[in-house]
Structures are given as C-alpha cells and as structure tokens.
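This report refers to the structure that appears directly beneath it.
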Amino acid sequence: MTSAAASSPCSTSPPRSARRWASSSGGSSASTSAGARCFGRRPAGALVRRTGRADRRARARPARPGERADRGHLLHRAGADRPHPAWGINTVGLAMMTFTVGGLSLWMPTYLERVHGMSTASAGPVFGAVTVLAGLCGTLLGGSLGDRLQARSAGGYFWLSGVGLVLSAPLIVLLTRMDHLVALFVVAFFAELLLFLNTGPLNAALVGCVPAWLRGTAFAVNIFCIHAFGDALSRTLIGYVSDRAKTAYLAGQEPTEAAVRSAEAAGLNLAIATTAIPVLLGDWSSCGARAGSPARRAA
C-alpha cells in the first residue's frame, strides 16, 4: 500500500470539480483517471491549449450580423497593429490636466497662507478635503456622462473632456480674484470637479486607442508622461513664475517686510492664475483627438 502510494505522482485525491471537468471534457476513462490523479497538471495544460484554439477560431471567424463588431473601434481605420494618433493627443491632454491639478494641490495651501492669512495647520487639510471631494464627484460624474455621450456619438469621451477643461480655466483664474475664503473654496471645488471630469473618459478612450497586446506598454508610457510632464514639472514652474513675478513687483521699491510679503502674495497669485494655460492646451488636444477619432457604427 505504501509503495503504491509512493509510485503515484499525486497521492492526494482531486476535488469533485476536477473529476467533473475531466469527465465533461470528452476524454476516456483512462485519461479521466489520469487527470484525477494529477489534476494539477494535465487538465490545466489541456485547458490552456483548448482556450488558445478557441481564441484563434474566434478571431478568424467573421462577425455575425447581429453581433457587435470592432468596426467602430478607434483602431479600425488606423490598423490594428499600431496605436491610433489619438493616443498621443490623449496623453497630452492628461498631462496638461495633471499639470494643473498637481500644481494646485501643492501651491494652494501656500497661497492661502500668503494671500488670505490662513494658518499652516488649517490651509492644507481644508484645501485637501476640497480636492478629495471634487475628485470623487468629478470622476464618478465624468465616467457616467462619458459613457452616455460615447454611446450616442463618436468622440463623446473627448467632447466631455474638452468641455470640462475649457470651463475650468476661467474658474481657476477667478479663484485668484476671490477675497472671501468661502467663495474661494466654492470656486475651487467646481474648478477641480470640472478638471476631474476627464479622468474616466480619457482613460476609457485610451483603452480604445491601442490594440489589446500593446495596452500594458501604452498605459505605462502614458502614466510616465502625464507625471513627468505634469505634476512633477508644474511644482517647479509655478515656483519659478512666482519668484520672477515677486522680483518684478519689488523692482524699484524699498525691500521692506511689508513690500516683500505683498510681492510674494502677488507673485504666487499670478503663478496660480497661469495654471489655466495648460488647461486650455489640454482642451485643444481633446478637440484634436475628437476630430481624429473614426466614426463609430451602431451595433
């Protein structure tokens, strides 16, 4: 009994699901018993082979009349072996959005301290809570609206992204002109909500811009670009614009403490307002991606 168990390659009994799988696969009783003895190897390998053959047959089979085909896919007219040009434009739009969101998240607490006199302990948490709430609402709303618009017409994802970006730009400039904190936070909430409308639609469009076998690489390059040219770059550039504007404001004045503080506030105020420029560039890129996306046929 011991020698028989030792000679068997798998001495444990397979679960019932493995025996049912082996019996339903159409094999003989010998292959069923062999699969039952070694259910960890043979059935798995056979399943992989059968799945691969089924996938190849599905790709080779033409689409049935009542079946949704990929002819409306963004890759259909560009060729399924390379990314659609809308992928690059999409990446530019996401990078510009990330530039503004990242710059605001870092510099707005400092702006609230310098311009509105908030304490360091409250400026960061309060604006962070506004950003989290706006991001949650904007992402969910953008995903829902984007799916509906895309179902109605081609380029719906890009159209919604462009509308969100172009509407958020004047709000970013407006929040730098607000004197009351409550009004400032309300404007900042809606500005960031409109920015976050793009998260779902642009990522969904990104999936449709590249073939399935290239999506991992496409997403990796996209994520690298939006952060390298987005929030990683915006923090330095906003600080640079603020310092240069401060120097310009102090030119010809006596550098008293009050003058320096006033110049720092004015310089950062201008730097925050200039973050609306990348948003408008992102809106332009979204419009270009929508114009270049192929028409989608209804199923």
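The values are calculated or read from the model by the stated rules, or taken from the named source; none is laboratory data. This structure is a prediction, so every number in the text was calculated from the model and none was measured. Here Cβ is always computed from backbone atoms with ideal geometry, including for glycine, and neighbour counts include all displayed protein chains.
Which pairs turn up if I take residues in segment 131-143 that are of a type in the set (S, T, N, Q) and look for partners that are surrounded by 14 or more Cβ atoms within 10 Å (Cβ to Cβ) with beta carbon separation below 7 Å, at least 6 apart in sequence or on another chain?
What qualifies is Thr131/Ser105; Thr131/Glu192; Thr139/Phe196; Thr139/Thr199; Thr139/Gly200.
Determine whether Arg177 is out of contact with any Lys or Arg (no Cβ under 7 Å at 6 or more places or on another chain) and not in a helix (DSSP H, G or I).
Against the criterion (out of contact with any Lys or Arg (no Cβ under 7 Å at 6 or more places or on another chain) and not in a helix (DSSP H, G or I)), Arg177 qualifies.
Quick check: anything in segment 159-167 assigned to a helix (DSSP H, G or I) and surrounded by fewer than 16 Cβ atoms within 10 Å (Cβ to Cβ)?
no
Please work out which one of (1) touching a helix residue (DSSP H, G or I) at 6+ places or on another chain (Cβ under 6 Å); (2) within 30 Å of Pro170 (Cβ to Cβ) is the condition Val210 fails and give its number.
Val210 satisfies every listed condition except (2).
Taking the criterion of being without any contact (Cβ under 8 Å) to a residue 24 or more places away in the chain, assigned to a helix (DSSP H, G or I) and of a type in the set (Lys, Arg), would at least one residue in segment 238-250 satisfy it?
Yes, the conditions are met somewhere in segment 238-250.
When you scan segment 204-222, do you find a residue that is at pLDDT 90 or above, assigned to a helix (DSSP H, G or I) and among the aliphatic types (A, V, I, L, M), even just one?
yes
Farther than 27 Å from Arg215 by Cα and at pLDDT 90 or above: which single residue out of Leu181, Leu136, Leu145 fits that description?
Leu181
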